[in-house]
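All remarks here apply to the structure that follows.
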Amino acid sequence: MAQGSGRKPLVADKRYAKAGSKRPAKPSTRRSGGLWGLLFGKSKPKPRPRAKPQPRRQPSKRPKASRPAKPRGMIGTLLLPFRWLLRLIWGFSWRVGVIVFTLVGMAVGYQALNLPEVTTLLDGRARGSVTLLDHEGEVFAWRGDQFGGVVTAQTVSPHLKNAIVATEDKRFYRHFGISPRGVASAVRINLSEGRGPLSGHGGSTITQQTAKLLCLGRVYDPTEWESESAYEKDCRQGSLWRKGTEAVYALAMEVKYTKDEILSIYMNRAYMGGGAYGAEAAAQRYFGKSANLLSAAEGAMLAGLLTAPSSLAPTNNLKRSQDRAATVLRLMQEQGYLGAAETKSGQENPARLSPAAEARAGGYFADWIMDSVPSYFGAQTAEDVVIRTTMDQRLQTAAEEAITYVFENKVREGSKAQAAIVVMSADGAVRAMVGGRKTRVSGVFNRATQAKRQTGSAFKPFVYATALELGYSPLDILLDTEYCLDLPGSGEWCPKNYTRKYYGEVTLARALRDSLNVPAVKLSEAVGRDLVRRVASDFGIDNAMAEGPALALGASESTLLEMTGAYAGILNGGSSVTPYGVSELRLVTDTEPLMGRSGGMGERVIRTEAAQQLVWMMEKVISEGTGRRAQIPGWQAAGKSGTTQAARDAWFIGFTADYVAGVWMGYDDNTPLSGVTGGGLPAEIWHEAMVRVHDGLAPKPLPMLAPTPIAPVIEPERSNPRQRRERIRPGQEIGRAVDGLLRDIFGRN
């Protein structure tokens, strides 16, 4: 019987649905239970409603076709536990990742909501700045934390902006605040150099560096921190936890601010050496121009400072800074910011310092000014302060060149001797100051203001000033013979002249001209040591002076600044002088000064006539006496040399009608000078300085008064004219005789 259309279908045919028919849906294995169930799968599967059953077909009598089982094999069996472990790890990891991502996202969002506006983050200094102007109003030095003003990524020189990006973070405009590639590279470099993975290179982006500059939003509080340095150290710590919080803060900044705003914060807060915070301050300090006018070479130099601002600062090592700038220029070319010609030009013509920057922030003069003003306007100021000073930059250069010239040409090579020089006007206004042979330094020992040394014969003019004030004449006679004093508790003391000779009857003028010791001691004893000390003190020598007769020979100590100021009192007609360097102090935001002149002329010490006669005597020192090496062609000059015992100190202080200058020379450890006296090298330094100081000026006569030619003998002869040694003991009749003579002199005046 033939099989017709009523034949039963094969069992295998049931595997395929007919056209238009629906296959029954398999039960769903989707889990329920919310987020907990999603992450940890604790709930049971919830099956979907089953589809409406289809009419069943008649079972076939033929056997069902079965799918052959896939053999697992030995390898599959061995891998089964590892596959299970990997599934477990993966399931745990992605769930933990979701939690961490959620928490980080919440932290970033919270941090972003609490970030302040950009404008409040641009000036982050804890201290203010001090700008020092010379007497003409030109900037010559800076102190404190200088902030030149706000710059933005749009207003700053494109060369500086590009140099910073090329050097610090070339993918700055492409990452989201953190560069995994940069971190991985930094870890690899650190490990290869034998350091810990987080020690050394950090792989930080500009955003992360900005977050660190902001100290992750923590503001310096003096009550919380022991010092500002402790606060900054905490801000720079590199622990793993700190790195994590820094990353969160950086991500928040990327959410809150634009890339250019972040770069603007960075450029304004970054320290660039030399006390300059921010691009504008650095541009002004090093190049004397605004940050928006920087050339490619200058921008590259500033960008190069960010790696190590103190050691790479051009004021510390210009060559090293230029070499670093050449590398930055190469990076800019590689990243397409500069062409080959521009790069070559910048490398062949590197940036150089402005004249003010070359002065190394004012050196000794600026240090002295900062020590002269109250600390709340100086080193500890919280405001931006402008100080107008008395400095004359032309004269400062003259003083520096004079010391350099003498030591290079007239001092043996390798000598450790030091020198200092002060130049001032007759009213005490200090015009120049050099405190050591290294003229362009800052923050070092200043021998002009800090070194107290014995003055030697440079003190003698105050002995003669006292005598002239009491009515003595420069032509009065003193007897220069062997002379001894019996000092209670010390025995016999016999002063000697430098030449070891005696010259008999000499005038006061000659005694000072030739710097004779015996006449100076005799005169001091005659007028009284107390009066000599008082006159010297009134002229400005503010130190404890020797009590014994060696006072007349300069056994007391003083600074070069004090001695020069005292000589200025002689030049100005006998009035005391307080050396000063500040003319005016004001805040940047104010127009009215907070402080005026810090010194000047004071009360009269001796009569004008006496001062002018002393000038006449001191002029003979330079024109005819021990100070001949100090002569200035075409100019009248007056002064006095000084050499202490064993030549440990050598001085020369003198003046013209326009300026007073003082020079000291010696060793810091009091080692005796070899073959040097005050009339030697110190006089030559004085000469070299004053020749340069007076260059281009018209000669003026000194304010001096020649004495009336009288020469009375003021010392009585001993009863035995053959006696060569005079022994004067305290309380003997000679003292009473001198007192009577002085009374007679006072009566005549």
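The values are calculated or read from the model by the stated rules, or taken from the named source; none is laboratory data. Here the structure is a predicted model, which means the values were calculated and not measured. Ideal geometry is used to build each Cβ from the backbone, glycine not excepted, and the neighbour counts take in all protein chains shown. Note: accessible area is taken over every heavy atom of the protein model, side chains too, but ligands, DNA and RNA are not part of it. Shrake-Rupley method; radii C 1.70, N 1.55, O 1.52, S 1.80 Å.
For the reader, a short list of remarks on this structure follows.
- From MET690, MET665, residue being aliphatic (A, V, I, L, M) and within 21 Å of SER558 (Cα to Cα): MET665
For (1) of a type outside the set (A, V, I, L, M, F, W, C); (2) part of a loop (DSSP other than H, G, I, E, B), each residue gets a yes or a no:
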{"site": "TYR110", "(1), (2)": "yes, no"}
{"site": "ARG127", "(1), (2)": "yes, yes"}
{"site": "VAL130", "(1), (2)": "no, no"}
{"site": "TRP142", "(1), (2)": "no, no"}
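- Residue pairs whose Cβ atoms lie under 8 Å apart, sitting 6 or more positions apart in sequence or on different chains, and linking a residue in segment 314-330 that is under 15 Å from LYS344 (Cβ atoms) to a partner that is open to solvent by 20 Å² or more (accessible area, probe 1.4 Å), are GLN322/PRO350; ALA325/PRO350; ALA326/GLN347; ALA326/PRO350; VAL328/THR167; LEU329/GLN347; ARG330/GLN347.
- In segment 220-230, the residues that are loosely packed, with under 10 Cβ neighbours inside 10 Å and of a type outside the set (Gly, Ala, Ser): ASP221, THR223, GLU226
- Among (1) at pLDDT 95 or above; (2) open to solvent by less than 20 Å² (accessible area, probe 1.4 Å), the one test that ALA426 misses: (2)
- Of the candidates ARG95, ARG125, the single residue that is touching an Asp or Glu at 6+ places or on another chain (Cβ under 7 Å) and open to solvent by less than 80 Å² (accessible area, probe 1.4 Å) is ARG125.
- Taking first residues from segment 278-294 that are farther than 14 Å from ASN268 by Cβ and hydrophobic (A, V, I, L, M, F, W, C) and partners that are open to solvent by 20 Å² or more (accessible area, probe 1.4 Å) and at pLDDT 90 or above, the Cβ contacts under 6 Å between residues at least 6 apart in sequence or on separate chains come to PHE287/GLU298; LEU294/HIS159.
- Members of segment 365-421 that are within 22 Å of the chain's Cα centre (by Cα), among the hydroxyl-bearing types (Ser, Thr, Tyr) and either surrounded by fewer than 15 Cβ atoms within 10 Å (Cβ to Cβ) or over 22 Å from VAL582 (Cβ atoms) (or both): SER375, TYR376
The rows are residues; the columns are (1) modelled with pLDDT of 90 or more; (2) open to solvent by 20 Å² or more (accessible area, probe 1.4 Å).
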site	(1), (2)
GLU232	no, yes
LEU240	no, yes
ASP260	yes, yes
ASN268	yes, no
SER311	no, yes
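- Just one of (1) in contact with a Leu (Cβ under 9 Å, 6 or more places away or on another chain); (2) surrounded by fewer than 18 Cβ atoms within 10 Å (Cβ to Cβ) fails for CYS484. It is (1).
- So PHE147, is it open to solvent by 30 Å² or more (accessible area, probe 1.4 Å), touching a strand residue (DSSP E or B) at 6+ places or on another chain (Cβ under 6 Å) and hydrophobic (A, V, I, L, M, F, W, C): yes
- Of all residues in segment 378-395, those that are on the phi < 0 side of the Ramachandran plot have Cβ atoms under 8 Å from Cβ atoms of residues that are assigned to a loop (DSSP other than H, G, I, E, B) and among the aromatic types (Phe, Trp, Tyr), 6 or more apart or on another chain, in ASP384/PHE147; LEU395/TYR659.
- The listed residue being open to solvent by 30 Å² or more (accessible area, probe 1.4 Å) and either of a type outside the set (Lys, Arg) or closer than 30 Å to GLU136 by Cβ (or both), out of ALA340, ALA325: ALA340
- Selection status of VAL444, touching a helix residue (DSSP H, G or I) at 6+ places or on another chain (Cβ under 9 Å) and under 30 Å from ALA706 (Cα atoms): no
- Of all residues in segment 276-293 being among the hydrophobic types (A, V, I, L, M, F, W, C) and open to solvent by less than 10 Å² (accessible area, probe 1.4 Å), the one that is modelled with the lowest pLDDT: ALA276
Residues are listed down the side, and each one gets a yes or a no for (1) hydrophobic (A, V, I, L, M, F, W, C); (2) touching a strand residue (DSSP E or B) at 6+ places or on another chain (Cβ under 9 Å); (3) over 21 Å from ASP427 (Cβ atoms); (4) at pLDDT 95 or above:
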position	(1), (2), (3), (4)
THR626	no, yes, yes, no
TRP635	yes, no, no, yes
ALA638	yes, yes, no, yes
GLN645	no, yes, yes, no
ALA657	yes, no, no, yes
GLY675	no, no, yes, no
ILE685	yes, yes, yes, yes
ARG692	no, no, yes, yes
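- Check on ALA638, within 18 Å of ALA509 (Cα to Cα) and surrounded by 20 or more Cβ atoms within 10 Å (Cβ to Cβ): yes
- Test: VAL139 is aliphatic (A, V, I, L, M), open to solvent by 50 Å² or more (accessible area, probe 1.4 Å) and touching a residue at least 12 places away in the same chain (Cβ under 8 Å): yes
- Every residue from segment 130-180 that is in contact with a Phe, Trp or Tyr (Cβ under 7 Å, 6 or more places away or on another chain) and over 30 Å from LEU587 (Cβ atoms): ASN162, VAL165, ALA166
- For segment 453-473, taking the residues that are more than 47 Å from the chain's Cα centre (by Cα) and outside any helix (DSSP H, G or I), the one that is surrounded by the most Cβ atoms within 10 Å (Cβ to Cβ) is identified as TYR472.
- Pairs are defined by a Cβ separation below 8 Å, a sequence spacing of at least 6 or placement on different chains, a first member in segment 573-593 that is crowded, with 18+ Cβ neighbours inside 10 Å, and a second member that is of a type in the set (D, E, K, R) and not in a strand (DSSP E or B); the pairs so defined are GLY574/ARG607; SER576/ASP538; VAL577/ASP427; PRO579/GLU562; TYR580/ARG597; VAL582/ARG597; SER583/ARG597.
- Only one entry of LEU160, LEU132 meets the criterion of being surrounded by 15 or more Cβ atoms within 10 Å (Cβ to Cβ), out of contact with any Lys or Arg (no Cβ under 8 Å at 6 or more places or on another chain), modelled with pLDDT of 85 or more and of a type in the set (A, V, I, L, M), and that entry is LEU160.
- Residue in segment 194-215 that is modelled with the lowest pLDDT, counting only those that are of a type in the set (A, V, I, L, M) and open to solvent by 40 Å² or more (accessible area, probe 1.4 Å): LEU198
- The residues on offer are ALA536, ALA520, ALA544, ALA511, and the sole one that is in contact (Cβ under 8 Å) with a residue 12 or more places away in the chain and open to solvent by 10 Å² or more (accessible area, probe 1.4 Å) is ALA544.
- Helices (runs of 4 or more DSSP H) wholly inside segment 240-311 containing at least 3 residues that are under 17 Å from the mean Cα position of the chain (by Cα) and more than 17 Å from VAL118 (Cα to Cα): 279-287
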